[in-house]
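K.L.:
Pasting a structure below so you can have a look.
Rule-based calculations on the coordinates, nothing more; no lab input. Please read these numbers as outputs of a predicted model, since none were measured by experiment.
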Amino acid sequence: MGGAAGKLESPETKLEAKMVEAMQRRACKGTAIKSFNSIILKFPKIDDSLRNCKAIFEQFDEDSNGAIDHEELKKCLHKLGVCFTEEEIGDLFKACDIDEDMGIKFNEFIVLLCLVYLLKDDAVEFEAKSRVGVPNLEATFEILVDAFVFLDKNKDGYVSKNEMVQAINESGEHSSGTIATKRFEEMDWDKNGSVSFKEFLFAFTTWVGIEDE
Ligand SMILES: [Ca+2]
Ligand SMILES: [Ca+2]
Ligand SMILES: [Ca+2]
């Protein structure tokens with residue numbers, strides 16, 4: 001809202017502010033990613049692992065209508081041992097229900113789980129209870145967080161176009177400027193000139209070919 005002049009993006013909700021904080025905390029630990037290409041090389045592995053989320057999704061979609069509604073989400077978070085306030089659950093739901101049809105579809109669910117993973121960074125219970133039959137899921141989320149930390153050079157919790165250009169330049173590709181711009185535009189869904197972790201995750205599900213069905 002008002003007073004954000006001079007700032008590229010200011011968090012719209014408390015949840016987004018928390019996400020930025022969590023990302024900045026995580027950024028302090030550094031990143032294992034050395035180049036944008038190395039992220040691309042991990043796509044097949046990430047793809048496999050994310051598809052395996054389908055089983056968790058189906059488990060939480062109790063009425064099997066292909067979407068997780070508000071009540072189902074509450075139960076889902078409870079089962080994962082995540083203690084969010086009503087407001088946070090509402091914000092999380094709105095943040096991930098991008099087509100605003102009041103239900104979290106599979107691709108939206110992946111984004112949601114990864115955001116929860118980031119927010120529960122310092123909480124052991126998520127790790128302990130998230131073993132719902134999806135080996136390596138957390139390792140995959142960690143790669144995604146790591147990739148974002150790699151791109152967010154100034155560690156403000158958002159990726160700007162300049163940071164994207166810088167990241168791709170480091171890979172030493174010649175036509176990198178165009179690639180960077182293209183990738184950036186694919187990620188910046190609301191076209192406000194910066195990419196949040198949520199936007200990054202949605203772009204990722206598209207890149208690896210997970211669309212809602
Ligand atoms: Ca449902
Ligand atoms: Ca940044
Ligand atoms: Ca944006």
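K.L.:
Once amide H atoms are placed 1.01 Å from N in the peptide plane, what residues at a sequence separation of 5 or more from VAL195, or on another chain, have their amide H within under 5 Å of its amide H?
P.N.:
Placed amide hydrogens put VAL159, SER160 under 5 Å from VAL195.
K.L.:
Okay, moving on. Each residue of segment 12-19 in turn: what ³J(HN,Hα) in whole Hz from Karplus with 6.51, -1.76, 1.60 and θ = phi - 60°, glycine and Pro shown as x?
P.N.:
Ordered by residue, 3J(HN,Hα) equals 7, 10, 4, 4, 5, 4, 4, 5 Hz.
K.L.:
With θ set to phi - 60° and the Karplus curve 6.51 cos²θ - 1.76 cosθ + 1.60, what are the ³J(HN,Hα) couplings of segment 67-80 in order, to the nearest whole Hz, using x for Gly and Pro?
P.N.:
These are the phi-based 3J(HN,Hα) values: 8, 9, 8, 4, 5, 5, 5, 4, 5, 4, 5, 4, 5, 7 Hz.
K.L.:
Note the full-extension length gain between SER38 and TRP207 as 0.36 nm times their separation in residues minus their Cα-Cα distance, in nm to one decimal.
P.N.:
Using 0.36 nm per residue and subtracting the Cα-Cα distance, I get 59.4 nm.
K.L.:
May I pose another question? Near the amide H of ILE68, under 5 Å away, which other amide H atoms are found, from residues 5 or more places off or on another chain, if H is placed in the peptide plane?
P.N.:
Close amide H contacts, sequence-distant or interchain: ILE104, LYS105.
K.L.:
Full extension from LYS94 to LYS155: what is 0.36 nm times the residue separation minus their Cα-Cα distance, to one decimal in nm?
P.N.:
Length gained, LYS94 through LYS155: 19.4 nm.
K.L.:
In whole Hz and in residue order, list the ³J(HN,Hα) couplings for segment 25-35 that follow from phi through the Karplus curve 6.51 cos²θ - 1.76 cosθ + 1.60, θ = phi - 60°; x for Gly and Pro.
P.N.:
Values per residue, Gly and Pro as x: 4, 5, 4, 4, 7, x, 9, 8, 7, 10, 7 Hz.
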